[in-house]
Amino acid sequence: MLIDIQCYLIVSSILFSIGIYAFLTKRNVVMMLIGIEFMINAAIINFVAFSKYDSNNEGQIMAIFIIIMAAAGVAVALAIILNLYKHYKTIDPNQVHELGEK
């Protein structure tokens, strides 16, 4: 069975919708970060799908760079979350009112 590009785009749009829902509704910074990662993965699926049906490797190369940048972004975000928890003893973004020095 041949999978056409619409299947990839449907999966990507569902994954992107889940990411937006997770980012907008969660009260936890870690879950918001996971929602952002879902949205990035949806974009990667689009790049690879269009690269497959355009018969070049530019989309796949771009997807590898996006994965590398997302991993670096997650490392920075987790460091920020750990510092936020160390100072405020919570990772709820609504309970942190001031990000300056105490």
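Here are the numbers for the structure shown:
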read-out	value
Criterion: surrounded by 12 or more Cβ atoms within 10 Å (Cβ to Cβ), at pLDDT 90 or above and small (G, A, S) - qualifying residue of G59, G35	G35
Options A49, A42, A75; residue that is farther than 21 Å from S17 by Cα, hydrophobic (A, V, I, L, M, F, W, C) and either at pLDDT 85 or above or exposed (fewer than 15 other Cβ atoms within 10 Å of the Cβ) (or both)	A75
Residue pairs meeting the criteria (Cβ under 6 Å; at least 6 apart or on separate chains; first more than 16 Å from M69 (Cβ to Cβ), in region 30-45; second of a type in the set (D, E) and in a helix (DSSP H, G or I))	none
Condition broken by E98, with the remaining ones in (1) modelled with pLDDT under 85; (2) acidic (D, E); (3) under 23 Å from L9 (Cβ atoms) satisfied	(3)
Residues that are buried (at least 16 other Cβ atoms within 10 Å of the Cβ) and of a type in the set (D, E, K, R), drawn from region 1-32	K26
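The values are calculated or read from the model by the stated rules, or taken from the named source; none is laboratory data. All values derive from a computational prediction rather than experimental measurement. Every residue, glycine among them, receives a Cβ derived from its backbone with ideal geometry; neighbour counts consider all protein chains shown.
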